[in-house]
Every structure is written in structure tokens, then in C-alpha cells.
1. Just how much of A:PHE200 is accessible, in Å², when a 1.4 Å probe is used and the result is rounded to the nearest 10?
2. So for the range A:135-233, Kirkwood radius off the Cα pairs, Stokes-Einstein at 25 °C and 0.890 mPa s: how many µm² s⁻¹?
3. Residue by residue through the range B:250-264, which ³J(HN,Hα) values in whole Hz follow from phi under the Karplus form 6.51 cos²θ - 1.76 cosθ + 1.60 (θ = phi - 60°), with glycine and proline marked x?
4. Pop the C-beta distance of A:LYS162 and B:ASN187 into the FRET formula with R0 = 51 Å and round what comes out to the nearest 0.05.
5. Bins of 10 Å, beginning at zero and ending with the bin holding the largest distance: percent of Cα pairs per bin for the range A:230-309, please.
6. Tell me the label-point distance for the pair B:GLU204, B:GLU308, using the 7 Å Cα-to-Cβ offset, in nm and rounded to one decimal.
7. Report the label-to-label distance for B:VAL326 and A:GLU108 in nanometres (one decimal), using points 7 Å from each Cα along the Cα→Cβ vector.
8. Let me know the mean shielding of A:97-105 by other chains, meaning the per-residue number of their Cβ atoms within 10 Å of its Cβ.
2 protein chains.
Amino acid sequence: MQKGKRTPIATLGEFGLIDHLTEGIELKNPSSLYGIGDDAAVLHYPDKEMLVTTDLLMEGVHFNLVYYDLKLLGYKAATVNISDIYAMNGKPLQMTISLAVSKRFCIEDMEQLYAGMRMACEEHGVDIVGGDTTSSLTGLAISITCIGEADKDKIVYRNGAKDTNLICVSGDLGAAYMGLQLLERENAVFKGEKDIEPDFSGKEYLLQRQLKPDARGDIIKKLAEAGVQPTAMMDISDGLSSELIHICKQSNVGCRVYEDRIPIDYQTAVMAEEMNMNVTTCALNGGEDYELLFTVPITDHDKIEDIEGIKLIGHITRPELGYALVTRDDKEFELKAQGWNALTEEK
Amino acid sequence: MQKGKRTPIATLGEFGLIDHLTEGIELKNPSSLYGIGDDAAVLHYPDKEMLVTTDLLMEGVHFNLVYYDLKLLGYKAATVNISDIYAMNGKPLQMTISLAVSKRFCIEDMEQLYAGMRMACEEHGVDIVGGDTTSSLTGLAISITCIGEADKDKIVYRNGAKDTNLICVSGDLGAAYMGLQLLERENAVFKGEKDIEPDFSGKEYLLQRQLKPDARGDIIKKLAEAGVQPTAMMDISDGLSSELIHICKQSNVGCRVYEDRIPIDYQTAVMAEEMNMNVTTCALNGGEDYELLFTVPITDHDKIEDIEGIKLIGHITRPELGYALVTRDDKEFELKAQGWNALTEEK
């Protein structure tokens, strides 16, 4: 351990730490086209580009086994990596899975975990091609690397959004976050009381969104079929605000998002009301939706309008106009990234 | 967590668990040429094959921060992944690095860790192209994926060894294990006593082998220059016996290894004597050498003899002859895999 000066990691935050650590790293091989800074790295292999993305999930930080059964956890862990390949407009093809497990887990637990991962991989046509299994002194750690391919001219980065581009999202937002709130509330209510089952009736969609998210390969397919090439794209893991600001910063543009255009499911709205929360705040900052956020040229307006499951929520502006949210009553606020951040959050 | 039947993971062991979990998995994409079962997965991309290998290292299991400074740890973590690409006769090109860190680590610690990783990558011409940084409730977890390329007809698997092939190893064996013994002994002796420095004089090589192992890209280069194409190859991470038995099982052959041919450094022998250990046992089962173990056609005998740093230690036999070790006094024993196994070892 380093002696002398000790600066807490929280002072930099997750993205700051990555930037700091990777400062000055240069790509040297002709096959390394794009390194750190997007949803996936792009490696140049003749004819096709290869996409690589990786995630490390730690028990107690990324998941709580009070809520998750291990099959759902495996499904989700694989899905969120697959989602990153789609977010580059790529096709996921292979995955490696590494697990570190403590003694409180048994073979059947690992079977469940793996079954969930295999289910997600099968749904998306992904081959599991390697990995590592080892022990842990405490808890479960899951590391997944997903690899995919894309044609060079089809890859979508975060930095391509242009003034007047339309901002689009797939599906609806905030439900995964409300699902987590629901799980935490029911867990608190029934803690320690046996034979009482939590009441999730009428809120199944929220649970599903939290526990078994989709990776939106269907949207990637529809966009290709409609001949729409997004100018920038990300998947929404940390919340709409946070991701949109990423796109704007990396593209050096501003944005204008309309509150009444943000897609929210009925169950999300009901649950927010019950919990006395602002549903727009939940949709903007909730995270874990794994929907696609992307920008398209304004000339694609009609094509986008025709695709089911995609909503126009605003447009890209010149950078000096900042990041604006226009509310239902026509007031304007600055969008802020308040997404979940594993390294700055106090735990 | 699974209810009902609970079988401890130790009953299967590491390799058994992997086999069990991956049973029935099929490769479906044309680009997935070779999946689980070797040092790296082989993906088919036109003209060149891509090699992918991944490792997950957990504090307290794979490393002890009493012995390691973080820079050396980073160096070693990167090196052992790079070594896996060489073990396929490939060229490492890219790496992704994921870190989960608990609050007892600071930014400077992570800088040190990363500096070590970057040093190893620079030495081997590898670009760091991605990763993930997150928090952990306890300790440090490191997940690395290394990607490389090879020509299709040059890739060396574990299953290609043939009767009469010569068995070769690079460097010398057992020193990394003796280095660990040394560190543990000095730690026990001086525990709690301040101002007393452990005495490592005359044993620097053992420490270096444990703390800063090499990945033998130089050997891969020499083999190519000499026109030698190994028939099977692995890097030695779990001990010579264990790895050689892997090659034999996967190639369906036997082997015959001569004790007096196993390369052992002078410091390794001295330290074994001091600790009252059998030096051959250390060399056979010690692990963490990261030397290359490979087999070549007998017609390459003279070429191999001319390459510095490679030793012939025996030959491949028909499978019914088993795994034989011929001792200095011409007795014959069965080789057994007693290497370090993270999942069966009691901790």
C-alpha cells in the first residue's frame, strides 16, 4: 500500500479515476482503432471491426442476493454486457465469464447463475467461449467480457451528435429504478416476519425491469431495416441525464429535452406517486433501464416516427445553449448528471 | 441461493466445475472456432485468428498485499494474461482491465497498480483498450482480458502432442514457489517486530520469480525463427506435473519425464535444502513459473538443442504407458497433478 499522500478515490469519482489512470496511454497497434472512452473498444481486424466490452460486478455493490435469485442475476450480468455491444451498433457474438465465489455458495448456485447467463446468451446468439472460475474470501464477483462485430462505417460512437439532431430513446424509463424501490420497501416491511409474502401485484412490470432487463437488439435491427444510422448512441445504465450529458460532452454540443416526451410506463408513474417521488426525476436519474439513447439526423424524423418502441424526446443544440430540460409547464432547467456512481456514493 | 441439495464446490474442483457448468455449450457462430478448454479462445476473423484470454484475481486468494507492492502486483496480473496468449503461439495486442477496490485503497495505490500493468503491457507491445473501475465491499479484485492474434496454421493447442514428440520447457522451474516460501518464512519470523528488515540476500532470483514473473514472448520468437512449430503448448501456472497431464489428457498420450533433465536454478536448490523440501517436488508442483511447456516433433531435436533457454525434459509416449517420472536413480514413478487449486484448497 502506498505511503505518504493518500487522496480518497471519491474525490475523482469513477470517470475521473479512469481518466486519471489512463492518461497518456497511446494506442500503438494498427489493430487498436479505439480504446478507452466508449461502450466498447474497437479493434481492427480485416473486413470487420471487433467490439470488446467488459464489466466487473461485485456482491453488495452491484447486486444484493436478498432480492436476486442467482439465475436472474446471471441473466442480468450477461444482458448488460450484450447491451454495450448493441450500443455501438454492433452484433454481439462471444462472451467470456469469470466468477469468484466464496464458500457460502454451492455448485447448484453456480448452475443457476450460469443458466441465467446462458439464457441471455442464447437469446442474443452469443457463444460463451471462455472464462475463469476461482474462489473469493467474501462474496461473489462476476467479470464478463463481451465481444462483437460491426462494419466499420456502421459503428456508432458517443461523440457524433450534431446540432439539430433528434434525441431518441427506446422503451420507457425509470421502471427499473422503481422496481428497486419496491423491492427495498417490501424487504423493509417484511424483514424478519415469516410466512408473509411481499405484495407485488400490479407492479410486475417494475420487478421485471429491475430483475430481468432486456438488451435492445430488436431496436438495432429495426433501425438498420429502416435505413437509419444514428450519429451517437449509448445504452442507459446510469440514467438518461447522465448518459445524455456524456454524449453532449463528447460531441461538444448542447441538448434540449422535453419532460412531456420522456416515455414513462403507467406502473412507474403509480409507484412514484405511492412513494411520493417525482416520476420525471426517477426517469432522468434512475438508471439500469438498459434502453438505447441515440441521436439521428433531423432528415430521419419520419423514419423514426414509424418505428414502434422509439420516442423522440428532444434535439441537439449548439454547445453554448447547455443541457436544457423543458418542463410540462414550459419552464427550463439545467439537466444534471445525478446517476448512480459506484465510486463517489457513500456506502 | 439454491435451496434443497447443496453440493460443496470442492467436490468437483476448479476444472471439474468449469466442465460441469459448460457442459453442452455449443459454438454457433462461424467466428467462434475454439471456446472453453485451452489457454485462450480462438475467434475467426478473416485472415487472422483472434485470441482472447481472461483472468479474475482476488485479494487474499491470488495475492497477499503483505508481500506485494501494488506495482508488482499489477505487473504480474498483466503478465500472466499475456503469457496465456504466448502459450497459444500468438502475439498479444490488446488488454482490458477491470478493478474493484475497497475504501482502504487510495488513488495513489491504484496509480501504482496501473503503472505495473502498463509496464508489462509496454514490454510486450500490448495496448490497454478498455475496462471498468468500481467499488468492492472488501479487498481488491482484478479482472483482465488479453486479446492477441495468430495465423490459423500457427496456433498451438493443448491437444496436439503425438507419440515420440519431445517435451520441452523454457527457463527453470520451482523458483517462484520457493520465492513464496521465502516470503512467508520471513513474514512469520519478523511479524510484529519493527525496524528489522527481512534477509533476502542471495535469494533475489527467487523473489523476482515470485514477484515479477516474465511472459516468454522471447521463446515464441526464437521458436519461430528456428522454424519450430510446437505440436502442443501451455504456460506453467499450476506446476509442471499438472500442466503436462493436461496436455497428455487432451492429446490422449502418455509421457516420460526425466528428473535429472528438469531445469532448476541454484538458488532454488539451496532454498529447498534450507527448508528441508524435495527440490524436484517443488519444480514439479510449485506453480507460478509462467514458463512455456511444449512438445515438438522428434525431427526438431537439433533445432531445439540450439536454442538457448529451452530444455528437453522427456518425450511423449503411447497413452497406455501413463505419466511417468524417471528419477535420478532410474526408478519410475507416476506423475500426479498436485498443483495449487483455488477451489479445492482449504482456506
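The values are calculated or read from the model by the stated rules, or taken from the named source; none is laboratory data. Nothing here was measured: the structure is a model prediction, and the numbers come from that model. A quick note on method: Cβ atoms are made from the backbone with ideal geometry, for glycine too, and the neighbour counts reach across all protein chains shown. Side chains are part of the model used for accessible areas, which takes the heavy atoms of the whole protein and leaves out ligands, DNA and RNA. Shrake-Rupley method; radii C 1.70, N 1.55, O 1.52, S 1.80 Å.
1. 50
2. Details: Rh = 17.8 Å.
Stokes-Einstein gives a translational diffusion coefficient of 138 µm²/s.
3. Residue by residue, the range B:250-264 yields 6, 9, 6, 9, x, 8, 9, 10, 9, 3, 6, 9, 6, x, 9 Hz.
4. Values: r = 60 Å, r/R0 = 1.17.
Efficiency at R0 = 51 Å is approximately 0.30.
5. 16, 46, 31, 7, 0
6. Rounded to a tenth, the inter-label distance reads 1.9 nm.
7. 5.2
8. Across A:97-105, the average partner-chain Cβ count within 10 Å equals 5.
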